[in-house]
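Novice: Have a look at this one.
The values are calculated or read from the model by the stated rules, or taken from the named source; none is laboratory data. This one's a predicted model, so the numbers in the text were calculated from it and none came from an experiment. In this analysis, Cβ positions are derived from the backbone assuming ideal geometry, glycine residues included, and neighbour counts consider all displayed protein chains. Just the protein is used for accessible areas: all its heavy atoms, side chains included, with ligands, DNA and RNA removed. Shrake-Rupley method; radii C 1.70, N 1.55, O 1.52, S 1.80 Å.
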Amino acid sequence: MNIKRAIFLIITLVAGAILWPIPSWGYTGTGTENDPYLVYNWSELKTCMNNGEYIRLEADCIGPDDFLNSLLSVPNTKTVTLDLNGYKIDRNIATATSNGYVIKNAGTLTICDSYTGTDRTHTISGDITISGGLITGGNNSCASSSDWGGGICNLGTLTLNGGTIAGNISNYHGGGVWNSSNTSSFTMTGGAISYNISKGNGGGVYSYYGTFTMAGGTICHNSATGEYTSSTGFGGGVYVNTFNLTGGKIEYNNCSAEKFGGGIYYFGTLNLSGNPIVNNNKRGNLDNNVNDNLYIVNAGVNPRKINITGSLSSTAKIGISVEYVNKVITNGLNENGVSTCFFSDSDDCLIISDNNEAKLITYWESLRARLSDNNGGSIELDRNYIAGSNDNQIYINGIVSLDLKGYMIDNNNKSCPVITINGNASLTINDTYEGDNRKHTISVNGTPTEIIGGLITGGNTSYSGGGVSISNNGVLTLIKGTIAGNKAKNNGGGVNVNGSFTMEGGKICFNSITTNNSSYGGGGVYIGNNKTFTMSGGSIVNNTVGSSNYGGGVYLRSTTPTFNLKGYVTIAENTRGSSKNNVDITSPNVITITGELNSETRIHVYASSNTAFTKGLSGNGYSHYFVSDESNYAIITNGSGEAIRSLLYIARSEERRVGKECR
């Protein structure tokens, strides 16, 4: 009977072993590649990782409440290959604690995920679903730099081939992985690092002293919030010194709104090849419009360069932000790829090829280069161009035709003219845009003022020519367009003529002289000694000079300037201080009438003497086309048919004598 019972018990146990899974109270396997440890709970996992060799999860492993004794670690003498097998390792720390990362690796740790199904899913942060193997639940408050990191603190050699590191938090650096020992290295060939948070730098990966190599996988939806200190919040996806990037995707990460490197904050050595994607990363909230993918920190006044160390696929896509613009950003691209692999994060910049290397320049700089080309040419604007702090001044060196197309060239109040025309060069400005939708706003004495159509603005020079400065033998022709909102300390708030200027149309308005000194003038236009201004159309209005300056509109007090006039023109509403002062002219200077004046022409003048200030008016117009800026004076015709200033009571007597000729 006892023998029968014993046989029955043995059969029962064997059948149970066949029909039921291995119980959670003991792992199996020998830890070899062909016979890995099969692990069912946290305690078993901790033991096996300490032993080293090969481990495969057979169930989710949830950390116990005893945080102090629950840390998973790989000793510095051990090598571990951890197959997540679709399951999760969750340290399950709700409140930040010291050494609160999930795994500390001092040896060699390789993480993979052999599970290829779809039904092993896990939820983090309440509503985010992760499919497949997962390392999560780290919440680290440790202040020691050797124990940072939310998911994995790596002091040795770490490789991520599969699985996801997600839902971890570090109060300091490295929300997903901290890789910053002098001897540490982290290689990522697959898997994902996502939805981790660093309150310092490196939401996904922080790698200061160690080396980070990324050949595949995805780093996404990580954040560097900068809550640790005001000097942190850099590198939403990756904060890195030495980085070998050959593949994978870094997308949808974000850094602090006041910091840089939504995707990557790079400040050391970056070696690039293959087919990486760095795109859709942001500065600040992911919903905003501030793109910040790969941020390159400067080295002195020059940006560090990206070393192109191998063939770079034409489908690689990397957004670039830099501390200093208008610099070459690659080294070795000419043999290994094309500049179109890179794009600018800023709407004000673009990537161009410069001697077969990629160069990030502002749109302003691209315009400056075209306008300054010694060969000249015809240029049509296709956008507004606004100068940045590191942008250079525009010089015209050849024969250039510029069509504003309704857009704006804004020098952004930089201390130089918007455009300088060098000697023997010429610039023709036109605006063929006929609509009214391209509007620009400038500030006039603190009041926003709207300008419709093509505009040259924002000059603020310490010398002469706020809008356009024409050097000796330089030539400017204005057919259509507006020169407005410019300032000069000395002469010519709008245009300084030390060459020749022909105005066929357009408008010069709301320009000014900033030094209240009798030696300077020409709020709209200053005509230099022995220089020429020819005006056959357009208007010069609402320009200003100080009460001690001259020529609110046009300055004609220099030595023998030439001011030629014909057609339909308007010069009015310009001021000197609070007084009217349009064309300020002193004898013996004159306005030369070179052709017929339109009957609607109105030229307001401040003539300092009672001598004729026109030449050639007879047969081309009448004195009533001119209006005195002085209320007690009027403009009449002298015996030679030229315009002359006269006291008002004399003018009225003369008017009664000659009838309707003078008014």
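Novice: Would you be so kind as to identify which of I329, V627, T362 lies farthest towards the positive end of the dipole of the chain, taking Lys and Arg as +1 and Asp and Glu as -1 on Cβ and the Cα centre as origin?
Specialist: Farthest towards the positive end: V627.
Novice: Which value in nm describes the separation of the simple spin-label points at K439 and T269, placed 7 Å from the Cα toward the beta carbon?
Specialist: Using points 7 Å along Cα→Cβ, the separation is 5.6 nm.
Novice: While we're looking at this one, here's another question. Which angle from 0 to 90°, rounded to the nearest 10, does the C-alpha axis of helix 648-658 make with the longest principal axis of the chain?
Specialist: With both axes taken from Cα atoms, the answer is about 60 degrees.
Novice: Okay, next question. In debye to the nearest 20, how big a dipole does region 313-372 give about its Cα centre with +1 on each Lys and Arg Cβ and -1 on each Asp and Glu Cβ?
Specialist: Value, rounded to 20: 140 debye.
Novice: If the cut-off is a Cα-Cα distance under 14 Å, which aspartates and glutamates reach K305, setting aside same-chain residues fewer than 8 apart in sequence?
Specialist: E323, D354, E357
Novice: Using only helices, what value at 222 nm comes out for the chain when you add -39,500 (n - 2.57) per DSSP H run of length 4 or more and divide by the total residues, to the nearest 500 deg cm²/dmol?
Specialist: Value at 222 nm, helices only, nearest 500: -2500 deg cm²/dmol.
Novice: Which of the peptides 97-110, 186-199 is most tightly packed, and how do the rest follow, judged by the mean count of other Cβ atoms within 10 Å per residue?
Specialist: 186-199, 97-110
Novice: Antiparallel as a % of all DSSP beta bridges within the chain, to the nearest 5?
Specialist: Among the beta bridges of the chain, antiparallel pairing accounts for roughly 15 percent.
Novice: Also, quick follow-up: Taking loop as defined by DSSP and a crowding limit of 12 other beta carbons within 10 Å, which trypsin sites (Lys or Arg not before Pro) in region 331-400 fit?
Specialist: R383
Novice: OK, next. Using a basic spin-label model with each label point 7 Å from the Cα along Cα→Cβ, how many nm lie between E258 and S43?
Specialist: Going by the 7 Å Cα→Cβ label model, 4.9 nm.
Novice: So, how do all the Cα-to-Cα distances of region 78-229 break down into 10 Å bins, in percent, from 0 on up?
Specialist: Spelled out bin by bin, region 78-229 gives 14, 47, 34, 5, 0 percent.
Novice: Beyond 14 Å, what share of the Cα-Cα pairs of region 484-524 is found? Please give it as a whole percent.
Specialist: 45 percent
Novice: Longer than 26 Å from Cα to Cα, which of K359/K507; K359/K439; K259/K405; K259/K359; K199/K327; K88/K249 are they? Say none if no pair is.
Specialist: As for pairs spanning more than 26 Å Cα to Cα, those are K359/K507; K359/K439; K259/K405; K199/K327.
Novice: Give me the number: length gained by fully extending S519 to D382, i.e. 0.36 nm times residue separation minus the C-alpha to C-alpha distance, one decimal in nm.
Specialist: Once the chain is fully extended between S519 and D382, it gains 45.3 nm.
Novice: Enumerate the aspartates and glutamates that K282 could reach by cross-link, defined here as Cα to Cα under 13 Å, with residues fewer than 8 away along the same chain left out.
Specialist: The reachable aspartates and glutamates, counting only those whose Cα sits under 13 Å from K282, are E251, E258, D292, D345.
Novice: Percent of Cα-Cα pairs more than 21 Å apart in region 426-541, please.
Specialist: 32 percent
Novice: Also, quick follow-up: Would you tell me the accessible area of T47, worked out with a 1.4 angstrom probe on the heavy atoms of the protein chains, in Å² to the nearest 10?
Specialist: It works out to around 60 Å².
Novice: A further question follows. Return one number: the angle in degrees, 0 to 90 and rounded to the nearest 10, between the long axis of the Cα atoms of helix 363-372 and the longest principal axis of the Cα atoms of the chain.
Specialist: 40 degrees
Novice: Here's something else I'd like to know. With charges set only on the Cβ (+1 for Lys and Arg, -1 for Asp and Glu), what does the dipole of the chain come to about its Cα centre, in debye to the nearest 20?
Specialist: So the magnitude is around 1440 debye.
Novice: How are the alpha carbon pair distances in region 580-631 distributed across 5 Å bins from zero to the largest one, expressed in percent?
Specialist: P(r) for region 580-631, in whole percents per bin: 5, 20, 31, 27, 14, 3.
Novice: Moving to a separate point now. Return the label of the correct value of Rg and Dmax of the Cα atoms in Å, as calculated from the structure shown, out of [x] 24.7, 76; [y] 37.9, 155; [z] 27.3, 85.
Specialist: [y]
Novice: In addition: Sorted by mean Cβ packing within 10 Å, highest first, what order do the peptides 480-493, 168-181, 435-448 take?
Specialist: 168-181, 480-493, 435-448
Novice: Rg/Rh for region 264-422 to two decimals, with Rh computed the Kirkwood way over all alpha-carbon pairs.
Specialist: Reported Rg/Rh, Kirkwood definition of Rh: 1.00.
Novice: Let me ask something else. Assuming R0 = 56 Å, what is the FRET efficiency of T28 and D287, from their Cβ-Cβ distance, to the nearest 0.05?
Specialist: It comes to 0.70.
Novice: Ok, one more. Once both axes come from the Cα atoms, what is the angle between helix 2-19 and the longest principal axis of the chain, in degrees from 0 to 90, rounded to 10?
Specialist: Taking Cα atoms only, the helix is inclined about 10 degrees.
Novice: Among L155, G485, T116, whose Cα lies farthest out toward the positive end of the dipole of the chain, if unit charges sit on the beta carbon of Lys, Arg (+1) and Asp, Glu (-1)?
Specialist: G485
Novice: If the chain between A369 and N598 were fully stretched, how many nm would it gain, using 0.36 nm times the residue separation less the Cα-Cα distance?
Specialist: Length gained between A369 and N598: 78.4 nm.
Novice: What is the distance in Å between the Cα centroid of region 81-124 and that of region 493-510?
Specialist: Result: 71 Å between the Cα centres.
Novice: Rounded to the nearest 0.05, what FRET efficiency do T95 and Y209 have when you use their Cβ-Cβ distance and R0 = 25 Å?
Specialist: 0.25
Novice: In whole Hz, with x marking every Gly and Pro, tabulate ³J(HN,Hα) for region 141-156 from phi via Karplus 6.51 cos²θ - 1.76 cosθ + 1.60, θ = phi - 60°.
Specialist: Each residue's phi maps through the Karplus curve to give 10, 5, 8, 6, 5, 8, 9, 7, x, x, x, 10, 9, 9, 10, x Hz.
Novice: Right, here's the next one. Quantify, in whole percent, the carbon and sulfur part of the accessible surface of region 219-365 (1.4 Å probe; protein heavy atoms only).
Specialist: 42 percent
Novice: How far is it, in nm, from the label point at L647 to the one at T121 when both lie 7 Å from their Cα along the line to the Cβ?
Specialist: Distance between label points: 9.9 nm.
Novice: Next up: For the chain, report the accessible area per residue in Å² (1.4 Å probe, heavy atoms, rounded to an integer).
Specialist: Value for the chain: 41 Å² per residue.
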